[in-house]
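The values are calculated or read from the model by the stated rules, or taken from the named source; none is laboratory data. This is a predicted model, so every value here is computed, not measured. Neighbour counts are summed over all protein chains in view; Cβ atoms, including those assigned to glycine, are modelled from backbone coordinates with ideal geometry. Side chains included, ligands, DNA and RNA excluded: accessible areas come from the protein's heavy atoms. Shrake-Rupley method; radii C 1.70, N 1.55, O 1.52, S 1.80 Å.
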Amino acid sequence: MKKKLTIDVCFSPSLYPVYHRDDCIVVVIDILRATSAMCTAFHNGVEKMIPVASLEEAAEYKKQGFLVGAERNGIALEGFDFGNSPYSYMTDKIKGQTIVISTTNGTQAIEVARNASQVVIGAFTNITALCAWLSEQNKNIILLCSGWKNKFNLEDTLFAGAVSQRLLKNSKFNYGDAALSVSFLYQQAETNPYKFIRNSSHAERLAALGLKHDIKYCLALDKTDIIPVLEGKYLVKLS
Ligand code: 3SL
């Protein structure tokens with residue numbers, strides 16, 4: 001009998017070393033808001049992005065003349081061009097550009113997974129394209145939730161559930177406990193994901209910053225069919 005492929009869910013970047021396997025595709029998830037913003041940036045014509053973990057690196061790129069997005073604790077930092085709101089990447093200014101981005105959690109998760117055989121970016125905004133592509137790859141998958149400063153969060157877990165629910169319909173994937181659990185969670189949320197997460201810590205935190213519209217945008221399905229993929233230091237469009 002053919003061995004089934006696994007879908008694993010890693011709930012925190014700090015746990016990634018436990019999950020890492022040489023042959024896996026890693027899907028980095030930061031629904032609120034880094035990976036949603038990245039998908040939006042590519043959809044609006046960005047050519048490449050350079051995700052960096054530290055603000056020092058971001059500042060160095062800024063000095064070199066790059067457009068740079070920098071956010072910490074939900075706030076777009078002064079002296080940079082963007083934060084991590086998807087809305088800030090809906091501008092002609094970014095067409096054909098290489099943009100550097102550093103965020104509280106999303107770019108940290110990319111950093112820990114950098115040596116995986118393939119790293120792609122997932123968000124509700126590209127979920128159908130992402131799941132169709134994952135189904136064709138014949139590779140084990142790790143859904144890496146960025147969480148919040150290495151702690152669990154609900155919105156990334158929910159997205160891991162949405163992806164697991166779709167992929168588990170394909171009999172070539174195995175029902176591991178984590179994928180099964182998160183797909184049960186998503187079942188509870190799918191009719192109204194906003195209602196499901198609106199009392200979660202990060203939805204409340206962003207709402208208090210006046211960013212309810214960002215939350216709603218980040219939960220919307222299929223705004224793009226672009227899947228950003230890491231190639232060396234660059235995120236580019238998967239072709
Ligand atoms: O983009 C990120 O890294 C986020 O986790 C930060 S925030 O939720 O937008 O504050």
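Structure data summary
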read-out	value
Matching option when the condition is aromatic (Phe, Trp, Tyr), within 12 Å of the ligand (Cβ to nearest atom) and open to solvent by less than 70 Å² (accessible area, probe 1.4 Å), among Phe82, Phe66	Phe82
Filter pass, Cys10 being of a type outside the set (Gly, Ala, Ser), within 16 Å of the ligand (Cβ to nearest atom) and in contact (Cβ under 8 Å) with a residue 24 or more places away in the chain	yes
Subset of the stretch 91-113 (residues that are more than 9 Å from the ligand (Cβ to nearest atom), surrounded by 14 or more Cβ atoms within 10 Å (Cβ to Cβ) and part of a loop (DSSP other than H, G, I, E, B))	Gln97
Within the stretch 114-136, considering residues that are farther than 21 Å from Leu221 by Cβ and touching a strand residue (DSSP E or B) at 6+ places or on another chain (Cβ under 8 Å), the one surrounded by the fewest Cβ atoms within 10 Å (Cβ to Cβ)	Ser117
Condition check for Ser201: open to solvent by 50 Å² or more (accessible area, probe 1.4 Å) and modelled with pLDDT under 95	no
Long-range neighbours under 7 Å by Cβ, at least six apart or interchain, first residue without any contact (Cβ under 8 Å) to a residue 40 or more places away in the chain within the stretch 133-148, second surrounded by fewer than 16 Cβ atoms within 10 Å (Cβ to Cβ) and of a type outside the set (D, E, K, R)	Ser135/Asn170
Residue match in the stretch 151-166 (condition: outside any helix (DSSP H, G or I), open to solvent by less than 10 Å² (accessible area, probe 1.4 Å) and touching a residue at least 40 places away in the same chain (Cβ under 8 Å))	yes
Within the stretch 29-63, considering residues that are within 20 Å of Cys145 (Cα to Cα) and surrounded by fewer than 18 Cβ atoms within 10 Å (Cβ to Cβ), the one nearest to the ligand (Cβ to nearest atom)	Ala53
